[in-house]
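S.K.: Structure in structure tokens, see below.
Laboratory data are not the source of any read-out in this text; all were calculated from the coordinates shown. Quick caveat, the model's predicted, so the values are computed rather than measured. Glycine gets a Cβ as well: all are built from the backbone with ideal geometry, and neighbour counts include every protein chain shown.
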Amino acid sequence: MIIINPNKKKVDIIILAGQSNAEGTGIGKSSVPWIPREDILTLKNEFLWSAGKHPDGYEYVVVDADEKAHIEVATERYDGEFNRGCFALEFAKLYADKYLEKDRQLLIVFAPVGGTGFFAKHWGEGEILYNRMLDMVSSALKMNEENRVVAFLWHQGEHEVDDGEIRFTPEENKSEGKYKYYKNKVACVFNAVRDNFGKEIPIISGEFCNHWSKDHSSQVNAIYKAQVDLFKDMGNGEFVKASDLKSNDEEVGNGDYIHFCKESLRILGQRFFEAYENIINK
């Protein structure tokens, strides 16, 4: 990957990956608005997005990633109408205030893409977003030999809840099948990060928006359990609670009940950071 205007200063790297709640979709008011700062940067790679339809009938996202990426001061994503909140920004601010050394900057490698998952072959080993994420991080590390990855933040799985039930045979328990499938797939992602960038990297993931997930409880719980059990196996990981946090619909009444509102994402970022501290202080 080619980085436009590469940053030659030493950076601590946070990898952010997953789908739309990681990408940042929150609207509404925030009790502490995000203020951009020169020591918190993002590395972003543009991509083309289109819709595809599988022969089985389900629709999925088709992603074609650019070979170039660019670095900029971290800002909330503007969609033409709203500035969208992102939990990684709150995490980054807390990390920078407490752990960032004076001669270093913080770089968020921004790898999530909304609507993506494993069933549609985005994040599996060797697939497009898996490769894109590893390429982005590798390129960021090459900018300075003292660059280092300090955390991996993951939020993904709604895609598997929506599309997953059609993939298992009638005699297979759907929840059990989904648990095994998701645990195996997400383990490949987590292991790839540690195998390539550091064996002890803290990995944090979290629950979905309860406003949406309560209608899919058995499948959602299977995906939650897959991650909790995986962290028990791997160590240095933690799964964050979010069932009390509001959706966009609960905040502004816009009908969007799958995405956290902006204030909820700020709180979720705090919880991811608390989990990070739990891991590094064990």
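S.K.: Sticking to Cα atoms, compute the Rg of segment 208-251 to one decimal and its Dmax as the biggest Cα-Cα distance, whole number, in Å.
M.R.: My reading of the Cα-based Rg and Dmax gives 12.2, 37 Å.
S.K.: What residues have an amide H closer than 5 Å to that of Asn254, excluding those fewer than 5 places away on the same chain, when H is modeled at 1.01 Å from N in the peptide plane?
M.R.: Amide H neighbours of Asn254, under 5 Å, 5+ apart: Asp249.
S.K.: May I ask you to work out the translational diffusion coefficient for segment 125-272 at 20 °C, viscosity 1.002 mPa s, via Stokes-Einstein with Rh from the Kirkwood sum over Cα pairs, reported in whole µm²/s? Can you show the working numbers first?
M.R.: Values: Rh = 16.7 Å.
Value of D from the Cα-based Kirkwood radius: 128 µm²/s.
S.K.: When 1/r is averaged over all different Cα pairs and the result inverted, which Kirkwood radius in Å belongs to segment 1-43? Spell out each step's value before the answer.
M.R.: On the way: mean 1/r = 0.0738 Å⁻¹.
Kirkwood radius, segment 1-43: 13.6 Å.
S.K.: Per residue Cα convex hull volume for segment 72-207, in cubic angstrom? Display every interim value, and only then the final one.
M.R.: Values: hull volume 19.1 nm³, N = 136.
For segment 72-207, the hull spanned by Cα atoms encloses 140 Å³ per residue.
S.K.: Quick one: P(r) of segment 188-282 from all Cα-Cα pairs, 5 Å bins, percents rounded to integers, in order of increasing distance.
M.R.: Going out from 0 Å in 5 Å bins, segment 188-282 shows 3, 13, 20, 20, 18, 13, 8, 3, 1 percent.
S.K.: For the chain, modelled as a Gaussian network with Cα springs under 10 Å, which listed residue fluctuates most, Glu81, Glu101, Glu160?
M.R.: Glu81
S.K.: Here is a follow-up. Can you run phi through the Karplus equation (6.51, -1.76, 1.60; θ = phi - 60°) for segment 108-122 and list ³J(HN,Hα) in whole Hz, with x for Gly and Pro?
M.R.: Result, ordered by residue: 8, 7, 8, 10, x, 9, x, x, 10, x, 8, 4, 8, 6, 9 Hz.
S.K.: So for the chain, Kirkwood radius off the Cα pairs, Stokes-Einstein at 25 °C and 0.890 mPa s: how many µm² s⁻¹? Write out the running numbers ahead of the final one.
M.R.: On the way: Rh = 19.0 Å.
Translational diffusion coefficient: 129 µm²/s.
S.K.: Between Ile35, Ile108, Ile27, where does the largest GNM mean-square fluctuation fall for the chain, given springs only between Cα atoms within less than 10 Å?
M.R.: Residue with maximal mean-square fluctuation among Ile35, Ile108, Ile27: Ile35.
S.K.: Further question on the same structure: How high is the relative contact order of the chain? Use alpha-carbon pairs under 8 Å, at least six apart in sequence, and give a whole percent. All intermediate terms of the calculation are to be shown ahead of the outcome.
M.R.: Details: 558 pairs, mean separation 73.1, N = 282.
In percent, rounded to a whole number, it is 26.
S.K.: Sticking with this one: Just need the Rg to Rh number for segment 76-125, please, alpha carbons only, Kirkwood Rh. Kindly include the intermediate steps, with their values, before the conclusion.
M.R.: On the way: Rg = 15.0 Å, Rh = 13.6 Å.
That ratio is 1.10, to two decimals.
S.K.: Which cross-chain or sequence-distant (5 or more) residues have an amide H under 5 Å from the amide H of Gly115, H modelled 1.01 Å from N in plane?
M.R.: Ser20
S.K.: Something else about it: Let me check the size of segment 235-282 from its C-alpha atoms; what are the radius of gyration and Dmax in Å?
M.R.: 13.1, 42
S.K.: For a quick check: with amide H placed at 1.01 Å from N, whose amide H comes under 5 Å from Arg84's, ignoring anything fewer than 5 positions away on the same chain?
M.R.: Distant-sequence amide H within range of Arg84: Arg77, Tyr78, Asp79.
S.K.: Exactly which GluC sites (Glu not before Pro) in segment 175-279 are in a DSSP loop and have at most 13 other Cβ atoms within 10 Å? List each step's numbers first, then the result.
M.R.: Working: sites: Glu176, Glu200, Glu207, Glu238, Glu250, Glu251, Glu263, Glu274, Glu277; in loops: Glu200, Glu207.
Taking segment 175-279 and a limit of 13 other Cβ atoms within 10 Å, the loop GluC sites (Glu not before Pro) found are Glu200.
S.K.: Continuing with this model, one more query. Bins of 10 Å, beginning at zero and ending with the bin holding the largest distance: percent of Cα pairs per bin for segment 62-148, please.
M.R.: The calculated distribution, bin by bin, is 13, 38, 37, 11, 0.
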